[in-house]
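This report refers to the structure that appears directly beneath it.
What follows draws every value from the coordinates through simple rules; no lab data is involved. Since this is a predicted model, take the numbers as computed values, not measurements. Ideal geometry is used to build each Cβ from the backbone, glycine not excepted, and the neighbour counts take in all protein chains shown.
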Amino acid sequence: MSEAAMTASQMGLCTCHGCGSLTQLLPGVHDMRCRRCGAALHLRKPNSISRTWAFLIASYILYIPANVLPIMHTGSLFGSQSDTIMSGVVYLWHSGSWHLALIVFIASILVPLAKILSLTFLVISVQLGWTEHALDRTKLYRVLEFVGPWSMLDVYVVTILVALVQLKSLATIQPGPAAAAFGAVVVLTMFAAMAFDPRLLWEPKERHDV
Amino acid sequence: MPDFALTACHECDLLQREPPLPSGGIASCPRCNAVLFRHTPEMVNRGLAYTLGAVILFIVANAYPIVGLEVQGTLNQTSLYGAVETIWDNDMVGVAMLVFVTTILIPALELALMTYVLLPLRLGWVPGGLAAILRTLQAMRPWSMTQVFILGVLVSLVKLAHLAHVVPGLALWSFGGVILLLTAAVCTFNTHELWGLAAEGE
């Protein structure tokens, strides 16, 4: 970038995370608030890296029970059966709805894992002070933010199935422990993405350019 | 301090001058391509129309059953709230709350707050507490998951279609409309322009 490329923080200006207006930071003054909307001002999200790590580690831990434990129990006249997320995908595949199997596989297994791994990659790249590919890493972060909610799919599927299949003697479906673990993974990865500050991706490059 | 003419990118912090925008134009960051702000023609009129439409359909979507299952002549139906209650009764309090918050509470608050902002603007005055409301709306947005919920309903319908006769309810179609109108409303609801109004209002 040319000489003209200055960031707000280099000029001592702070962007309000609420309304986006700029405020000149006064040296020695703490707890400054935005004049326009009253939000507390921070140059960067406070403790961004440690908070992102905390949410990420919690997601890694819960990702295991979410996939290993059953997400629902089906009881019918012909016996009972427990399904994990993966066996649900396999069932959809064999019953001929391969496109739905693909959607559930992507939303429930691929997306959460890809999300945790790529956010880990982004945090590590900031900690190592990478100067390369800041733009590509910013794009990766945007994708992460966008796909976040779609992993909730299986939680909703279980909710609807449990509500509908309560046919006393014929068949019942009950939620399994993985449903709670899975919901927690989705919420935690969303918190992790929110805790991360994409502006950190550009700082090593800025220091390098100066 | 010339801060009215300057803006910083929220994703890479690049400091830049706010360009004047043509009608319907979009300003994006030259370094990272993030959308900085846009100009929305007829923002209040269109935004209010979409929002009120979404409110009506949202009420219908919550008042009627989403799907029913017909087995041996008996029909077992569930509304969205009914589904939340059933999963709560199955000792899944966390899951029940998650579903309630993301599909009922947050979308309802989102619609209520957008109406509270847009209706007075349409009638010609700036609503009180605009700054706090805009901040609340911004924080809530990622947790509004109606679209994902509908995909979830469709997946469950396919899973059940083998077991029994599935009857789509009125709320299923209404939810489809809610998604379209809510998305249109959110895209029209231009926070950048509204922040300008919030600043003037003080």
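Given a cut-off of 29 Å, what percent of all Cα-Cα pairs of the protein assembly as shown lie beyond it?
52
Once whole DSSP H runs in chain A are found, which of them have Cα atoms spread over 15 Å or more along the helix axis and a mean Kyte-Doolittle score of at least 1.0?
Span-like helices, by this rule, are A:48-68, A:111-127, A:153-164, A:177-195.
I'd like the mean, over residues of B:129-141, of how many other protein chain beta carbons sit within 10 Å of each residue's own Cβ.
Neighbouring Cβ atoms belonging to other protein chains average 2 per residue here.
Would you mind counting up the charge near A:Ala58? Only other residues with Cβ under 15 Å from its Cβ, with Lys and Arg at +1 and Asp and Glu at -1.
That sum, taken over residues with Cβ under 15 Å, equals +2.
Taking only Cα atoms, what is the 0 to 90° angle, nearest 10, from helix B:191-200's long axis to the longest principal axis of chain B?
50
Note down the magnitude of the dipole of the protein assembly as shown about its Cα centre, charges +1 on Lys and Arg C-beta and -1 on Asp and Glu C-beta and zero elsewhere, to the nearest 20 debye.
Roughly 160 debye, rounded to the nearest 20.
Which GluC sites (Glu not before Pro) in region B:25-97 sit in a loop by DSSP (not H, G, I, E or B) and have at most 14 other Cβ atoms within 10 Å of their own Cβ?
B:Glu42
With everything on Cα atoms, drop me the angle between helix B:130-140 and the longest principal axis of chain B, reported from 0 to 90° to the nearest 10.
Orientation of helix B:130-140: about 50 degrees from the principal axis.
What does the structure give for B:144-152 when I average, per residue, the other chain Cβ atoms found within 10 Å of the residue Cβ?
Mean inter-chain Cβ contacts per residue within 10 Å come to 6.
Report the percentage of all Cα-Cα pairs in chain B whose separation exceeds 29 Å, rounded to a whole percent.
38
For A:Pro70, what charge total do you get from the other residues with a beta carbon under 13 Å from its beta carbon, if Lys and Arg give +1 and Asp and Glu give -1?
Taking every Cβ under 13 Å from that of A:Pro70, the sum is -2.
Among B:Met92, B:Trp173, B:Trp125, pick out the residue whose Cα is farthest towards the positive end of the charge dipole of chain B, where Lys and Arg carry +1 and Asp and Glu carry -1 on C-beta, about the Cα centre.
B:Trp173
Quick one: among B:Phe37, B:Phe58, B:Phe175, which has the greatest mean-square fluctuation in a GNM of chain B with alpha-carbon springs under 10 angstrom?
In the Gaussian network model the winner is B:Phe37.
Express in % the proportion of alpha carbon pairs of chain A at distances exceeding 32 Å.
When every Cα pair of chain A is considered, 36 percent fall beyond 32 Å.
Go from 0 up to the bin containing the longest alpha carbon distance in region B:59-176, width 10 Å each, and give me the % of pairs per bin.
12, 35, 29, 15, 7, 2
May I ask for the angle, rounded to the nearest 10°, between helix B:106-123 and the longest principal axis of chain B, with both axes built from Cα atoms and the value confined to 0 to 90°?
Once rounded, the angle reads 40 degrees.
What residue among A:Leu164, A:Gly88, A:Val143 has its Cα farthest toward the positive end of the dipole of region A:70-210, where the charges are +1 on Lys, Arg and -1 on Asp, Glu, each on the Cβ?
A:Leu164
If each DSSP helix of 4+ residues adds -39,500 (n - 2.57) and the sum is divided by the residues in the protein assembly as shown, what number results at 222 nm, nearest 500 deg cm²/dmol?
-17000 deg cm²/dmol
I need two numbers for region A:1-43: Rg to one decimal and Dmax as a whole number, Cα atoms only, in Å.
Answer for region A:1-43, Rg first and Dmax second: 11.3, 34 Å.
With r as the distance between the Cβ atoms of B:Leu123 and A:Arg44 and R0 = 41 Å, compute the FRET efficiency 1/(1 + (r/R0)^6) and round to 0.05.
0.50
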